[in-house]
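The values are calculated or read from the model by the stated rules, or taken from the named source; none is laboratory data. Note that the coordinates shown come from a computational prediction; the quantities given were computed from them, not determined experimentally. Cβ atoms come from the backbone with ideal geometry, glycine included; neighbour counts cover every protein chain shown. Calculation scope for accessible area: heavy atoms of the full protein, side chains included, ligands and nucleic acids excluded. Shrake-Rupley method; radii C 1.70, N 1.55, O 1.52, S 1.80 Å.
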Amino acid sequence: MTKVNPYAAGARGLCPHCGEGYLFDGFLKVAPRCEACGFELGKHETGDGAATFVILIAGAICAFGALFSMFAWNWPVWVSLVVWLPAVVAISLGLMRPAKGLMVAAQIAQKASEAGRDHV
Ligand SMILES: [Zn+2]
């Protein structure tokens, strides 16, 4: 088996351990284990980590875009709402899966685990 870049595999929705099986079981639910190599994926949960980055990125793009279009091109408010509200939804949904895959891959690559009593 060749060495897999866990970050690239995770961003593409593939198992960060082998790069062949699927990371997700659904849109954002992490599969319990990899179907190709059997690696336990389910214990790596990112919580709201990916959503935080996606909110910041999509919010910055759309807030800047809305302000720029209103001041530079004199778009009325309703045109900005029609353009930028669907844009923020589309950007958020488009980035969410790769961002969560990256977060899970980072946990696996860095061998992160939940802190227990033996870590204190
Ligand atoms: Zn795998």
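General remarks:
- A count restricted to segment 7-16 and to residues that are open to solvent by 30 Å² or more (accessible area, probe 1.4 Å) and part of a helix (DSSP H, G or I) stands at 3.
Yes/no per residue for (1) in contact with a Ser or Thr (Cβ under 9 Å, 6 or more places away or on another chain); (2) open to solvent by less than 60 Å² (accessible area, probe 1.4 Å); (3) away from the ligand (no atom under 16 Å from the Cβ):
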| site | (1), (2), (3) |
| --- | --- |
| CYS18 | no, yes, no |
| LYS29 | no, no, yes |
| GLY42 | no, yes, no |
| ALA50 | no, yes, yes |
| ALA58 | yes, yes, yes |
| TRP75 | yes, no, yes |
| SER80 | yes, yes, yes |
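- Options GLY38, GLY94, GLY47, GLY101; residue that is under 14 Å from the mean Cα position of the chain (by Cα) and at positive phi: GLY47
- Scan of segment 30-61 for residues that are closer than 14 Å to ALA105 by Cα and in a loop (DSSP other than H, G, I, E, B), ordered by number: ALA31, CYS34, PHE39, LEU41, GLY42, LYS43, HIS44, GLU45, THR46, GLY47
- Long-range neighbours under 8 Å by Cβ, at least six apart or interchain, first residue assigned to a loop (DSSP other than H, G, I, E, B) and among the small types (Gly, Ala, Ser) within segment 17-28, second within 9 Å of the ligand (Cβ to nearest atom) and open to solvent by less than 50 Å² (accessible area, probe 1.4 Å): GLY19/VAL4; GLY19/ALA9; GLY21/LEU14; GLY21/CYS15; GLY21/CYS34
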